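Single-structure report; data block below.
The values are calculated or read from the model by the stated rules, or taken from the named source; none is laboratory data. What you are looking at is a predicted structure, and each value in this text was computed from that prediction instead of being measured. Positions of Cβ are backbone-derived with ideal geometry, glycine not excepted, and every protein chain shown enters the neighbour counts.
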Amino acid sequence: MKHRFAGRMAKILCLVVLGGSGACVAPANPQSNETYEFNDSHVHLTNNIQEGPSIRELLEMMGSKVGRAAVFGIPLQQQWSYAVDRDRAPTYYLHSDAPLYYYSFVDAHIAMAYKSLSTEQQKRFDPMITGFNPADMYAVDHIRRVLQTFPGVFTGIGEFTIHKEFVAGKIPGETASLQNPALDRILDFAAESGLIVLVHNDVDIPFANGEREPAYLSDLEALFKRHRNATIIWAHIGLGRTVAPTKNYFALTDQMLSDPDLSNVYVDISWDQAAKYLVASPEATRQTAELMRRHPDRFLFGTDAAAAPDRVSYLKTYGAYEPLWNILDRETSRKVRLTNFERIFDNARSKVRTWENEHLNDRARAYSVTIQVQENKPGEKP
């Protein structure tokens with residue numbers, strides 16, 4: 001009786017304090033009285049030099065405000081080139097002309113951080129695999145090995161980058177492409193294993209005039225349609241630091257989300273650089289809110305915090321969207337901030353665990369067969 005009364009009082013207080021803003025918080029789970037304002041679909045534990053807070057420090061930043069988080073590192077390490085930067089050690093990809101390179105150990109780092117937590121603490125995180133080169137046909141083998149090495153840990157892959165302003169040109173070797181078969185192999189495996197795909201691909205080139213069709217949208221939609229069995233989250237809805245919405249951006253996004261052949265695609269509104277466009281004015285905020293009302297099950301909120309040093313920094317993007325939270329209806333707001341994450345990530349967790357249970361011994365079986373074949377070959381030296 002006391003618990004039921006406390007639950008009713010909590011709901012009443014929520015309505016009184018938060019009114020009609022749409023920001024009413026929800027219980028983390030039926031067993032807890034703790035309430036949260038949002039789940040974070042996009043947070044980097046590390047930065048471009050693989051430094052950042054511990055996962056326990058991130059948990060403290062989340063506190064009672066953030067329920068769950070999709071957590072990952074940054075796959076691209078900024079090189080410290082003495083010839084370029086001398087004794088000035090760059091910590092961000094825009095701080096140096098030296099190249100970036102793929103850093104695969106990031107996945108082991110994230111896995112071990114997750115495994116250091118208690119079972120209850122682990123429930124609040126969905127780690128993601130990101131230490132692979134999407135232009136490499138062997139990338140899918142890396143993803144598979146990570147799942148088999150760290151079963152029970154990962155829920156998805158990403159955030160990984162195809163076309164991104166100022167980043168793609170800093171990576172030596174073959175440039176990632178939406179038409180590359182290596183990317184198709186990755187998405188095929190994501191569909192097979194149930195892994196969520198979180199991909200960053202700008203909708204347009206930097207500093208576009210906004211009058212022409214976005215440069216990458218048609219190829220991106222074609223990719224998504226080739227992989228309808230994969231669960232895909234398009235990060236930042238394609239926006240970036242210098243990638244602004246085109247003149248018909250909201251109409252094109254609405255068209256994409258209305259396409260029944262793209263029902264597997266979701267979008268996140270993470271990053272303060274996306275927020276600066278999506279809530280740039282009352283009209284932009286209205287258009288963003290209307291798009292969400294038309295497709296309430298397809299949006300997720302994420303901070304895109306990268307190696308946040310403190311709670312204020314971590315929550316910066318959530319605060320930037322205050323104009324949006326203030327005008328969204330309560331149910332749409334709740335889905336964007338909370339329940340879409342839970343539905344999508346819970347479903348992926350279940351599928352990935354099933355795949356792991358079915359394939360965990362694949363490597364051991366393959367090794368056993370190899371040894372047996374070698375032993376059965378007469379006359380060969382070991």
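Tell me the helices (runs of 4 or more DSSP H) entirely within the stretch 229-313 that contain at least 3 residues that are in contact with a Ser or Thr (Cβ under 9 Å, 6 or more places away or on another chain) and surrounded by 23 or more Cβ atoms within 10 Å (Cβ to Cβ).
272-278
Go through the stretch 101-112 and report how many residues are modelled with pLDDT of 95 or more and farther than 16 Å from residue 151 by Cβ.
Residues of the stretch 101-112 that are modelled with pLDDT of 95 or more, as a first pass: 102-112.
So of that shortlist, the ones also farther than 16 Å from residue 151 by Cβ come out as 102-106, 109.
Qualifying residue count, the stretch 101-112: 6.
Could you tell me whether any residue of the stretch 58-76 is at pLDDT 95 or above and on the phi > 0 side of the Ramachandran plot?
Checked the stretch 58-76: at least one residue is at pLDDT 95 or above and on the phi > 0 side of the Ramachandran plot.
Quick check on the stretch 317-350: of everything there that is part of a helix (DSSP H, G or I) and in contact with a Leu (Cβ under 8 Å, 6 or more places away or on another chain), which residue is surrounded by the most Cβ atoms within 10 Å (Cβ to Cβ)?
Top of the filtered list is 336.
Looking only at the stretch 136-163, which residues are buried (at least 18 other Cβ atoms within 10 Å of the Cβ), assigned to a loop (DSSP other than H, G, I, E, B) and in contact with a helix residue (DSSP H, G or I) (Cβ under 8 Å, 6 or more places away or on another chain)?
136, 150, 153, 154, 155, 162
Cβ-Cβ below 7 Å, separation at least six or inter-chain, first residue in the stretch 207-232 and basic (Lys, Arg), second assigned to a helix (DSSP H, G or I): which pairs?
225/261; 225/262; 226/184; 228/261
Suppose we keep only residues that are surrounded by 13 or more Cβ atoms within 10 Å (Cβ to Cβ) and of a type in the set (A, V, I, L, M) within the stretch 74-93. Which one would you say is farthest from residue 138 (Cα to Cα)?
It comes out as 84.
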